[in-house]
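Student: Quick one: the structure is below, and I'll ask about it shortly.
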Amino acid sequence: MMRIITGTARGVRLETLEGNETRPTGEKVKEAVFSMIQFEIEGRRVLDVFAGSGQLSFEALSRGAESAVMIDASKDAAAIIRRNAVKTKMLSNSRVIASDYKLALRGLEGQKFQLIFADPPYAAKLIPDTVDRVLRYGLLSDGGIMVCESEESEPYEHPMLTVRKHNKYGRSYITIYEKKSAEIADNGKEVE
């Protein structure tokens, strides 16, 4: 059973999907992620691409994020996310999209998020495609951060992103990217 670590919903236990369809981020990994980004949550708009139970989004909301959009292809997972939104009293600032991530990301084109989580099924190796689509559709704000979880020992590199951290936790690797401003990405150096 997953629970919210801290903030307004501290201690609330979250429902998770039974079976192997989703693989919730472990407590230790979640604590590590949130200690790395703790000063970059307040007032942020969150996008959670493979949301599962929604636990990463609800943790961010509990810590002061403004709103969260949670995507999951599984209708059962989407139903659990909605129930967790009610349990955490965060239904009003949550949006759940039950859809394939490719369609959902395209549908969000032009909306800006300052914090994006991507924790796809490890075997599918979807981080490169997810990162590319997030950037193609303009979803990550300049200076925004994207937190990816995978089994890849080498982080995916993209010219619009700086790899801020890439750490191993058990079998998981957490990569934290920061989006460069458009000027830096265009010529490789900052414009005054």
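Student: Can you spot a residue in segment 137-144 that is of a type in the set (Ser, Thr, Tyr) and modelled with pLDDT of 95 or more? Give the steps one after another, and end with the answer.
Tutor: So in segment 137-144, the residues of a type in the set (Ser, Thr, Tyr) come out as 137, 141.
Next, only the ones that are modelled with pLDDT of 95 or more stay: 137, 141.
Yes, segment 137-144 contains at least one residue that is of a type in the set (Ser, Thr, Tyr) and modelled with pLDDT of 95 or more.
Student: In segment 75-94, is there at least one residue being under 23 Å from His166 (Cα atoms) and in a loop (DSSP other than H, G, I, E, B)?
Tutor: From segment 75-94, those under 23 Å from His166 (Cα atoms) are none; that's our starting set.
No.
Student: Separate question: If you check Ile41, Ile37, Ile4, which single one turns out to be hydrophobic (A, V, I, L, M, F, W, C) and buried (at least 23 other Cβ atoms within 10 Å of the Cβ)? Give the steps one after another, and end with the answer.
Tutor: Details: Ile41 fails: buried (at least 23 other Cβ atoms within 10 Å of the Cβ); Ile37 fails: buried (at least 23 other Cβ atoms within 10 Å of the Cβ).
Within the list Ile41, Ile37, Ile4, the selection yields Ile4.
Student: While we're on this one: Of all residues in segment 133-152, count the ones that are of a type in the set (D, E, K, R) and surrounded by 14 or more Cβ atoms within 10 Å (Cβ to Cβ). Working first, answer last.
Tutor: Step one: filter segment 133-152 for residues of a type in the set (D, E, K, R), giving 133, 136, 142, 149, 151-152.
Next, only the ones that are surrounded by 14 or more Cβ atoms within 10 Å (Cβ to Cβ) stay: 133, 142, 149, 152.
The number of residues fulfilling the criteria is 4.
Student: Please work out which residue is modelled with the highest pLDDT, limiting yourself to segment 172-192 and to residues that are among the acidic types (Asp, Glu) and not in a loop (DSSP other than H, G, I, E, B).
Tutor: Glu178
Student: What pairs can you find where one residue is in segment 92-107 and modelled with pLDDT of 95 or more, the other is of a type in the set (A, V, I, L, M, F, W, C) and assigned to a helix (DSSP H, G or I), and their Cβ atoms are less than 6 Å apart, with a gap of 6+ or different chains?
Tutor: That search, which allows pairs on different chains as well, returns Ser94/Ala85; Val96/Ala78; Val96/Ile81; Ile97/Ala104; Ala98/Ala78.
Student: Need at least 1 residues that are in contact with a Lys or Arg (Cβ under 8 Å, 6 or more places away or on another chain) and of a type in the set (Asp, Glu) per element, so show me which strands (runs of 3 or more DSSP E) inside segment 103-171 make the cut, counting only ones lying wholly within it.
Tutor: Details: elements: 113-118, 140-150, 161-169.
Once the strands (runs of 3 or more DSSP E) in segment 103-171 are filtered for at least 1 residues that are in contact with a Lys or Arg (Cβ under 8 Å, 6 or more places away or on another chain) and of a type in the set (Asp, Glu), what remains is 140-150.
Student: Of the residues Gln114, Gln55, which single one is over 19 Å from Glu31 (Cα atoms) and either surrounded by 15 or more Cβ atoms within 10 Å (Cβ to Cβ) or of a type outside the set (A, V, I, L, M, F, W, C) (or both)?
Tutor: Values: Gln55 fails: over 19 Å from Glu31 (Cα atoms).
Among Gln114, Gln55, only Gln114 is over 19 Å from Glu31 (Cα atoms) and either surrounded by 15 or more Cβ atoms within 10 Å (Cβ to Cβ) or of a type outside the set (A, V, I, L, M, F, W, C) (or both).
Student: Considering only segment 24-58, state which residues are part of a loop (DSSP other than H, G, I, E, B) and without any contact (Cβ under 8 Å) to a residue 12 or more places away in the chain. Before you say what the answer is, go through the steps one by one.
Tutor: Within segment 24-58, the subset part of a loop (DSSP other than H, G, I, E, B) is 24-26, 41-44, 49-54.
Correct list: empty.
The values are calculated or read from the model by the stated rules, or taken from the named source; none is laboratory data. Bear in mind the structure is a predicted one, so any value in this text is a computation, not a measurement. In this analysis, Cβ positions are derived from the backbone assuming ideal geometry, glycine residues included, and neighbour counts consider all displayed protein chains.
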